[in-house]
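Student: Sharing a structure below in C-alpha cells format, with a few things to ask.
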Amino acid sequence: MKNKQWKRTGWVAGLMFGLCLSSCTNEGRKTYALDAQPVVGSVEMVNGDSVWVCNLAAIKDTAVLPLSCFAEELQIVKLDNRDEALVPVRNVVISDNYIMVWGRDQTPFKLFDKSGKFLCNVGSVGQGPGEYKLIYDAQIDEAGGRIYLLPWNAKALLAYDMKGQPVQSIPLPTLVPKGVFKANTKDSLLSVFLLPFEYLPNVAWTQKFNGEIVDTVPSRYLAVKPDFSNEVYSNKNGADFDVSLFVFWGRRPDSLYHYANGRLNPRFTLDFGKQEIPIHDYKELPYHFLGSTSLEKQLDERHFTTEVPVDFIMDKRTLKGAFYKVENDYLGNIPIQWFPYNCSNGYYAANMEPATLKEMLEKYLAGATDISTVDRERMQKLADSIHENDNNYILYAKLR
C-alpha cells in the first residue's frame, strides 16, 4: 500500500474563563464576512431530498470569520492535575455536563466534569471484556447514562456507565474496519456507518442492542478497495446522523449524507466541474456546510504527501460562500488555525498542552498590534497562570 501524509493546518482547578463578546446571531444576525461574498451554490431536489450543491469554481475570495458567528461564549478549562487524570493531546468529546478525552496511545479514556475535575477512567486498555486498544468513534449519552466506544475493526460496540464501568457489549453483524455510530439508549437502537470495503455487504445499518437488524443500506457504488488510508466521518452537530466518506485513493463525486429510516439521504456535495477531483472532506454545522480540498504530490515511487488544505464554507440559507479563516474573537482575535480543534457533537473544542498554549498566547501577544487593552490583559493573565507541569487545557464553545 502506498504511504501518505495528510497534513492538517481546525472551577478550572482554580481557573475557568467565560469569555463573551458581541456576536453574530443566526436569526437577526449582524453583518458578517460572508454577506459580501457571491452565491456559490444551489439547492436541488434529488429523489425528494433537498441537496445543497457548492460550485467550487465560484469560490474566489478568502473571508475572515469570527468564532462568535458559529459558537457561543468560549470556556477554557484546566483539567485536574492528578497523575491519574493526565491526558494525551488528541480527541475530546463535550456533552452538557462532561468532558471526555482520548487518544490513540495506551491511555484509557478519561472522564471529567465541566469544571475539569477528574471523575474516572472509562474502561481500560487491554484485550479482555470491556477493554480496548484503538477506538475510532465515541459517544456520551447523558440522558441514557451511557458512554459508548467503537473500536477499530470492531466486532462489538462497548457500553459503559457514567462511572466508567463496562455494562454491555453490543454485538455487530459484521466486522467494522472503521466506523461511526449513533446509539439511542432509550430505544436500544444503534445506527452504524462504516468504511465499505468491497467484501462487506453493507455500508450502513440500524440494529437493536440485542443484535436484531432493523434495516440495511448495501454498499453498492460506495464500496472501496480495502485500504485504511480512507476514513469515515460524522460530526453529529444536530439531531441527524450525518455521515461521509473520505477517499484518498480513487477519488470520485460524493456527498455528505443523513442516515435515517433505512436510507442515505444526500445532503451536500461539491461540483468540481471539469477539474480533477482533489482530496476533500465535508462537514456540517447547524447553519453552514464546510470542508477542505488539497492536491496530492508524489515524493517518490511509493510516497505521497498533500498540500496544506484550503478550507471552504457555504451558508445554508444565503448560499454565499468563500474560502475562509476563523479568528477567535473571544480571545483577542487569535487565529483559530493555531488550535488543534474540531467541531463535533454540537461543540467547538480544542485540547492543548500547557506549554503549547502558553507559547501560542505569548507569541501572539508579542506580535499583535490591534488587540484591545482588555483582551491583552485577559490573555496575558491566562498566559501567566499556565505552568508547564499543568494537565492539558480544554477550550470549548457550544455551537449555535
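Student: Would you please give the residues with an amide H less than 5 Å from that of Trp249, counting only those at least 5 places away or on a separate chain, with H modeled from the backbone geometry?
Tutor: none
Student: Using label points projected 7 Å from each Cα along Cα→Cβ, tell me how many nm separate Arg251 and Ser50, to one decimal.
Tutor: Inter-label distance under the simple model: 2.9 nm.
Student: Something else: What is the sum of charges, Lys and Arg at +1 and Asp and Glu at -1, for the other residues whose Cβ falls under 10 Å from the Cβ of Thr269?
Tutor: Charge balance in the 10 Å sphere: -2.
Student: I would also like to ask the following. What's the FRET efficiency of Arg104 with Ser188 using the Cβ-Cβ distance as r and R₀ = 30 Å, to the nearest 0.05?
Tutor: Once rounded, the FRET efficiency stands at 0.50.
Student: Quick one: compute a quarter of the convex hull surface over the Cα atoms of region 29-180 and quote it in nm².
Tutor: Convex hull of Cα atoms, orientation-averaged projection: 13.6 nm².
Student: Continuing with this model, one more query. Would you work out if region 83-125 is rounded, prolate or oblate? Take a ≥ b ≥ c from the square roots of the eigenvalues of the alpha-carbon gyration tensor; rounded if a/c is under 1.5, else prolate when a/b is larger than b/c, oblate otherwise.
Tutor: Prolate.
Student: Just from its helices, what would the mean residue ellipticity at 222 nm be for the chain, if runs of 4 or more DSSP H residues each count -39500 (n - 2.57) and the sum is divided by every residue, rounded to the nearest 500 deg cm²/dmol?
Tutor: For the chain, the value works out to -2000 deg cm²/dmol.
Student: With a 1.4 Å probe and all protein chains left in place, how much of the accessible area of the chain comes from carbon and sulfur atoms, in whole percent?
Tutor: Percent of accessible area from carbon and sulfur atoms in the chain: 49.
Student: Here are several values of P(r) over Cα pairs in 20 Å bins from 0, in percent: (1) 27, 55, 16, 1; (2) 24, 52, 24, 1; (3) 25, 59, 16, 0. Which one was derived from the coordinates shown?
Tutor: (3)
Student: Now, a different point. Just grab the label-to-label distance for Phe323 and Thr356, each label 7 Å out from Cα along the Cβ direction, in nm (one decimal).
Tutor: Between Phe323 and Thr356, the label points sit 2.5 nm apart.
Student: By the gyration tensor of its Cα atoms, with a ≥ b ≥ c the square roots of the eigenvalues, what is the shape of region 120-213: rounded for a/c under 1.5, prolate for a/b over b/c, or oblate?
Tutor: Oblate shape, in that a/c is at least 1.5 and b/c is the bigger or equal ratio.
Student: May I ask you to derive the FRET efficiency for Asp271 and His387 from their Cβ-Cβ distance with R0 = 51 Å, giving the value to the nearest 0.05?
Tutor: 0.50
Student: Could I ask something else about it? Taking θ = phi - 60°, what integer Hz values does the Karplus form 6.51 cos²θ - 1.76 cosθ + 1.60 yield along region 336-343, in sequence order, with x for Gly and Pro?
Tutor: Karplus values, whole Hz, x for Gly and Pro: 6, 5, 6, 9, x, 10, 9, 10.
Student: Only sites in a loop by DSSP and with at most 10 other Cβ atoms within 10 Å count here; which GluC sites (Glu not before Pro) in region 356-400 make the cut?
Tutor: The qualifying sites are Glu388.
Student: How many Å² of accessible area per residue for the chain, probe 1.4 Å?
Tutor: 45 Å²
Student: Using 0.36 nm per residue of separation minus the Cα-Cα distance, give me the extension gain between Val39 and Tyr221 in nm, one decimal.
Tutor: Gain on stretching Val39 to Tyr221: 62.4 nm.
Student: Of Tyr136, Asn351, Gly116, which is farthest towards the positive pole of the chain's charge dipole, taken about the Cα centre with +1 and -1 on the beta-carbons of Lys, Arg and Asp, Glu respectively?
Tutor: Towards the positive end, the residue furthest out is Tyr136.
The values are calculated or read from the model by the stated rules, or taken from the named source; none is laboratory data. Being a predicted model, the structure only gives us computed values, none of them experimental. Positions of Cβ are generated from backbone atoms using ideal geometry, with glycine treated the same way; all protein chains shown enter the neighbour counts. Remember, those area values only see protein heavy atoms, side chains included, never the ligands or the DNA or RNA. Shrake-Rupley method; radii C 1.70, N 1.55, O 1.52, S 1.80 Å.
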